[in-house]
Structures are given as C-alpha cells and as structure tokens.
Amino acid sequence: MKFRTLTGLASTLALCAGMASADSTVRFWYHFDNADNPMDALVEKFEAANPDITVEAENIPWNSYYDQLYTAIIGANAPDAAMVKMFAQPRLVEMGALAPIDDWLASWEGTEGLQDNLIELTKGPDGKQYYLPVQYVVLYLYYRPDMFEELGLSVPTTCEEFRDAAKALTRDTDGDGQIDTYGFGFRGGKGGHDHWASFVLGADGVSLTEGLTSEAGIAGTQFVADLFQQDKVFPPSAPNDGFQEIIGAFKAGKTAMTIHHIGSANGMVEALGDNVAAAPVPACGGGQWTAFGDESTAVLSSAEDPEAAWKWISFLSSPENNALFNEATGQLPVVKSDSEAWSLHPQRFVQATVDSLPFAEMLPNSNATADFVNTEWPTNMQRVLTGDITAEQMNTNIEKLFAE
C-alpha cells in the first residue's frame, strides 16, 4: 500500500540513511498544457545518471489536477512527487500529505544557486519547507521607451513619479480633440487585484490582513481612484477591462504603461519591437509590492522511497535541467545561472523579473483569498472607480472578508 503517515515517512528516512533504495520507482505528476514537452528527455537524462531509479511521469490535465491529487491522497494512491502551487499548500499540509524537505535543502549543493527569496516565498504555514521552486513569474511595469523619450520622461520609481508620467503620457496626439494614448492600462475587471495591490500594499503596515483601513491603506486605494476619476489617465473602459483589453491596448499604442509578467513579453516584442521595455513597479507609500506567481515540486509523505523522489525533484531544479523544464511553460527558471543564459525571452524582461523578486509577495494562504480574487475585489474596485462607494468603504469590505 502506498499511503503512509508522516511518522511512517520518518522511519523510512531513517532506514534510507541518506541513500535511495535499489531499483526504486518515482511516480511523478505534473501538468503541462503543451503535449510536446521535454519531460521524456528529462526522465531519460535523470535515469541515465541514476540507473537504480525509474521515473514514471504522468501529465495530468490542469482542469482536474488538484481534484485528482486530493482524491489520490485520500485513496492511498498518491504519486511519490508532484508539481504543486502555493494555494494548495495549507490543505496539503493539513492532510499530512507532504514531506518536509528542510534537511535535504540544507545539504543540497543547488540551494545557493536558486534565485533569492524563492525559498522564503514558498515556506509552509508551519515554518517548514515543503516546496522546491521549479518555475515562477513576477509582475512588473511594461512601458513604451519611445514615448518616454519623446516627452523627456524618466521611468517612474515612486507613485508620485508614476502619476506625473501617466498624466504627461495621456494626450491627444493627432489634434482632433480626442485622447489617443492613456498613461496606464488598468485592469479593473477580474484579475486586476495585482494592479491595485502594487499601488496599495507596499505601504508600511498595509496588507490584505491588516492596515487596509489605516490612513495609508485608504490613501492607496484613493490614489488609484484619483488616477481614473481626476487625472483620467486610464482608458474609460478600465472598470471592466481584463487581461485581453490591457494587453491589446498596450500593443496598439493606446496605453503607455501597464502591469503584467514575462508571459506577455514575446507578444509585446512581436508587436512593438524595441519600443517596449520593463522595470519594477514603483514604490508607493514608502515600499514596494508586486505579485509572485508560483510553481513548485514536492515529495509526498506516502512516497515509497522519499530519497529517490527528492533526487528527482532536485534534478528538475538544477542548472540546465531547470532551463529545459521551463522551455515548455513560458515561465522562468529558478536557477540563477539558467536565468542569466535564458534566451526564450529578451533579457530586459528577465532582468525586470529578477530585480522585482526581493519585494515580490503572495496573497494570503486563506479561504478568503478565492472570494477576494473572484468577487470581492472586482466588485468593489469597479464601484470605487465609478464613484458608487468610497475608497474607505472598499477597504473596509475587504478587511471584513479576511477577518471572518
């Protein structure tokens, strides 16, 4: 039977004494949208270096991935290792389904080669490490360097500079009395919470779980409202704009700045060539905040040979292997040396991502987060932008959600 408790795992680790058992099999679950992916090549390379370990890698459809994973865990048929996201970690830890990897990390030669802050960002709710980062994205500011140069503007590093630049970049370029370019493409529809958060959550003492109704917290939301209502630097459609709208407007030259991650970089370059660049989001309220998008791997507590499972997942987060893994995903390698040699995205976008890591954060591991993302934030933000409620009312509503 595959399933063991964490106590059973400890016994297994003791018996292993730091060595994988002979002729081990590691069942690994992952999810790649692209069926033509490098997993077979990675497995072949790993097995050549570890002839006593066989890896059975299974690509599980994303839409049912976690349903299948939870069901397999409950049914004592979990894989030995799996790709995992941070939103699932609290539940997986509560289920006793994950093996701590702290001791392995402490002795692994690859730990120092990971990008700064990744281990801290993926730490478990109990302070232990269960996840090994394997790929990631971080949101940053896209901007039009040609427009900035034309107006003699510098890339904004603070909210005040951002506001000044956005106002200057909002203009009628052909003299017909209509605005042709807006300073910033704000995502007011679902998924835009990361835009709002970049202007609000950098303030000292402000987060989704505390300080939202403080003077600094309310001022952050009011800053966003003023950009739309007073300065008119967002397109009129901003309260309802989603991903397609903000990216399309930027590519078409209808906005001069927006916020997204490296997943949009190649499309931006295809449309704009050298007339697109990237920089970290501006500091607001004295600090910076940007969103971190995660993907990690984990050893399941039911693994028959946890040492072999660790060898496999650490292989995926090792130099060159991690680059090959990420060629199929459109995200970035977690290994510093692989990032420096990365060629699937222009280096200016890789650098903006790496420069943003020190202040990248994740949304709280809370049941309230899903409601915040899907309903509470978009509903309240749209009402603020259209003047139906105040910034204070919006922040109060969000604060109540996370206090429940």
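We did not get these values from a lab; they are worked out from the coordinates using the rules stated. In this text the structure is predicted, and so the values were computed from the model without any measurement. Here Cβ is always computed from backbone atoms with ideal geometry, including for glycine, and neighbour counts include all displayed protein chains.
Some values worked out for this structure:
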quantity	calculated
In degrees, nearest ten, helix 391-403 long axis to first principal axis of the chain (Cα)	10 degrees
Charge dipole (debye, nearest 20) of the range 54-150; +1 at Cβ of Lys and Arg, -1 at Cβ of Asp and Glu	380 debye
Between helix 347-356 and the chain: long-axis angle, C-alpha atoms, 0 to 90°, nearest 10	90 degrees
Size of the range 219-369 as Cα extents on the principal axes (Å, biggest first)	61, 40, 28
The chain: relative contact order as a whole-number percent, Cα under 8 Å and 6+ apart	27 percent
Antiparallel bridges, percent of DSSP beta bridges restricted to the chain (to nearest 5)	60 percent
Relative packing of 255-264, 367-376, which averages over residues the other C-beta atoms within 10 Å, highest first	255-264, 367-376
Cα centre as origin, Lys/Arg/Asp/Glu Cβ charges: the chain dipole, Debye	560 debye
Per-residue Cβ neighbour rank within 10 angstrom, fewest leading, 132, 169	169, 132
Between 0 and 90°, nearest 10: helix 65-74 axis offset from the chain longest Cα axis	40 degrees
Neighbour net charge for residue 355 - beta-carbon separation under 14 angstrom, K R +1, D E -1	0
Calculated P(r) of the range 112-169 - Cα pairs past 16 Å, %	60 percent
Karplus 3J(HN,Hα) series, Hz, for the range 213-225 with 6.51 cos²θ - 1.76 cosθ + 1.60 (x for Gly, Pro)	9, 6, 4, 5, x, 5, 4, x, 5, 5, 4, 5, 4
Environment charge of residue 216, counting only residues whose C-beta is closer than 13 Å and scoring Lys/Arg +1, Asp/Glu -1	-4
Environment charge of residue 266, counting only residues whose C-beta is closer than 15 Å and scoring Lys/Arg +1, Asp/Glu -1	-1
Per-peptide average of other Cβ atoms within 10 Å, ordering 387-395, 99-107 highest first	387-395, 99-107
Whole-angstrom gap from the range 138-208 to the range 275-350, using each part's C-alpha centre	27 Å
Size-normalised alpha-carbon gyration radius of the chain, reference 2.2 N^0.38 Å	1.07
Mean Cα-pair separation over length for the range 83-194, i.e. relative contact order, pairs under 8 Å, 6 or more apart, %	14 percent
Length gained when the stretch residue 45-residue 393 is fully extended (0.36 nm per residue, less Cα-Cα span)	119.6 nm
Note, ³J(HN,Hα) from phi for the range 308-317, Karplus 6.51, -1.76, 1.60, rounded to Hz, x at Gly and Pro	5, 4, 5, 4, 5, 5, 6, 4, 5, 9
Packing rank of 122-128, 348-354, 148-154, where each peptide gets the mean count of other beta carbons within 10 Å, highest leading	348-354, 122-128, 148-154
Of 232/254; 123/190; 167/254; 45/85, those spanning more than 19 Å from alpha-carbon to alpha-carbon	123/190; 45/85
Calculated FRET efficiency for the pair residue 102/residue 370, C-beta based, R₀ 30 Å, to 0.05	0.55
Check: the range 111-192 dipole with +1 on Lys, Arg Cβ and -1 on Asp, Glu Cβ, in debye	520 debye
Proportion of all alpha-carbon pairs of the range 148-236 beyond 14 Å (%)	68 percent
